[in-house]
Amino acid sequence: MVIIAPSLLAADFGRLREEIACIEAAGATWLHLDIMDGHFVPNLTFGPGVVSALRPYTKLTFDVHLMVEQPENFIQAFAEAGAEWISVHVETCPHLHRVIHQVREAGCRPAVALNPATGLQGLEWVLEEVDMVLVMTVNPGFGGQRFIPSMLRKIEELARLIKAQGKEVLIEVDGGISADNAAAVCRAGAQVLVAGTAIFGQQDRVAAFKALHYAASR
Ligand code: DX5
Ligand code: ZN
């Protein structure tokens, strides 16, 4: 079963509640929330205040993707804002093991995110501590970029690593996902597909969500 996680980054920021209601009605179960700090990535988005303001209006699972330096300073705030999942980038965490535990202690499910240039080696000693690995398929910071095809091999290798380890860990992919590459990323081993432009960038969000879901399930 593939999960499509629409990314709010591509939504109309003046109509967030309507945008969320629309994809929920289309059948979405997750919402991907991109948090950017202007330091780790060259862009700014929104913080825990916006996440907690949206929380009462939807049952969607909130998948918070922290693209911030020192994510340990923000975990509690996003947990209290209603995040179910919190992803931290390995590139931002010299004490990754501790940060993963901090996410779990805050009551959320921990995930680690990898930039395209980051290898899988750093995962060896934390894989059994996390519930998901987020493979960035573009360089983080902006929506609407092109999927990096070599990431398919990284997803395949990660799927092998997870299988060998025996624990259930989801693979999420993020960046440039569309109906054209959804089947390929799923075949490589991804179970959660983040999509911004391919959903909120389309005139008909419901049709776009359904088309992506259909493409991914083939
Ligand atoms: C990029 C973000 C993504 C972004 C994806 O840094 O992490 O979640 O919203 O956007 P698309 O689907 O347009 O590539
Ligand atoms: Zn993201």
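Bear in mind that the values in this text are calculations on the coordinates, not laboratory data. From a predicted model like this one, the values you see are computed outputs, not experimental measurements. Glycine also receives a Cβ, built like all others from the backbone with ideal geometry; neighbour counts cover every protein chain displayed.
For the range 74-98, the set of residues classified as of a type in the set (A, V, I, L, M, F, W, C) and either within 17 Å of Val169 (Cβ to Cβ) or free of Cβ contacts under 8 Å to residues at least 24 places away in the same chain (or both) consists of Trp85, Ile86, Val88, Val90, Cys93, Leu96, listed by residue number. Please name all residue pairs, on different chains or six or more residues apart, with Cβ atoms under 9 Å, provided the first residue is in the range 125-152 and is away from ligand 2 (no atom under 11 Å from the Cβ) and the second residue is among the aromatic types (Phe, Trp, Tyr). That search, which allows pairs on different chains as well, returns Asp131/Trp85; Met132/Trp85.
Screening the candidates Ala184, Ala207, Ala179, Ala216 for the property of being of a type outside the set (Phe, Trp, Tyr) and crowded, with 20+ Cβ neighbours inside 10 Å yields one hit, Ala216.
For (1) closer than 20 Å to Gly119 by Cα; (2) among the β-branched types (Val, Ile, Thr), each residue gets a yes or a no:
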position	(1), (2)
Ser150	yes, no
Arg153	yes, no
Ala159	yes, no
Ala164	yes, no
Glu168	no, no
Gly175	yes, no
Asp180	no, no
Val185	yes, yes
Ala188	yes, no
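Matching residues to (1) within 16 Å of ligand 1 (Cβ to nearest atom); (2) farther than 19 Å from Gly107 by Cα; (3) among the polar types (S, T, N, Q):
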| site | (1), (2), (3) |
| --- | --- |
| Leu9 | yes, yes, no |
| Ala21 | no, yes, no |
| Phe40 | yes, yes, no |
| Ser52 | no, no, yes |
| Lys59 | no, no, no |
| Met67 | yes, yes, no |
| Glu72 | no, no, no |
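Determine which member of the set Ala184, Ala164, Ala215, Ala188 is over 15 Å from Leu9 (Cα atoms), without any contact (Cβ under 8 Å) to a residue 24 or more places away in the chain and either of a type in the set (A, V, I, L, M) or within 16 Å of ligand 2 (Cβ to nearest atom) (or both). Of Ala184, Ala164, Ala215, Ala188, the one residue that is over 15 Å from Leu9 (Cα atoms), without any contact (Cβ under 8 Å) to a residue 24 or more places away in the chain and either of a type in the set (A, V, I, L, M) or within 16 Å of ligand 2 (Cβ to nearest atom) (or both) is Ala164. When residues in the range 17-44 are screened for being among the aliphatic types (A, V, I, L, M) and within 16 Å of Asp63 (Cα to Cα), 7 of them pass. Here Gly107 meets each of (1) assigned to a loop (DSSP other than H, G, I, E, B); (2) under 22 Å from Val194 (Cα atoms); (3) not charged (D, E, K, R) with one exception, condition (2).
State whether one or more residues within the range 6-27 are of a type in the set (D, E, K, R) and under 26 Å from Pro94 (Cβ atoms). No, the range 6-27 contains no residue that is of a type in the set (D, E, K, R) and under 26 Å from Pro94 (Cβ atoms). Filtering the range 162-176 to residues that are surrounded by fewer than 17 Cβ atoms within 10 Å (Cβ to Cβ), at negative phi and not charged (D, E, K, R) leaves Ala164, Gln165.
Among the residues of the range 186-218, count how many are within 12 Å of ligand 1 (Cβ to nearest atom) and either of a type in the set (A, V, I, L, M, F, W, C) or touching a Gly at 6+ places or on another chain (Cβ under 9 Å) (or both). Within the range 186-218, residues that are within 12 Å of ligand 1 (Cβ to nearest atom) and either of a type in the set (A, V, I, L, M, F, W, C) or touching a Gly at 6+ places or on another chain (Cβ under 9 Å) (or both) number 12.
The rows are residues; the columns are (1) within 12 Å of ligand 1 (Cβ to nearest atom); (2) not aliphatic (A, V, I, L, M).
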{"site": "Leu96", "(1), (2)": "no, no"}
{"site": "Ala117", "(1), (2)": "no, no"}
{"site": "Glu124", "(1), (2)": "no, yes"}
{"site": "Glu128", "(1), (2)": "no, yes"}
{"site": "Thr137", "(1), (2)": "yes, yes"}
{"site": "Met151", "(1), (2)": "no, no"}
{"site": "Lys154", "(1), (2)": "no, yes"}
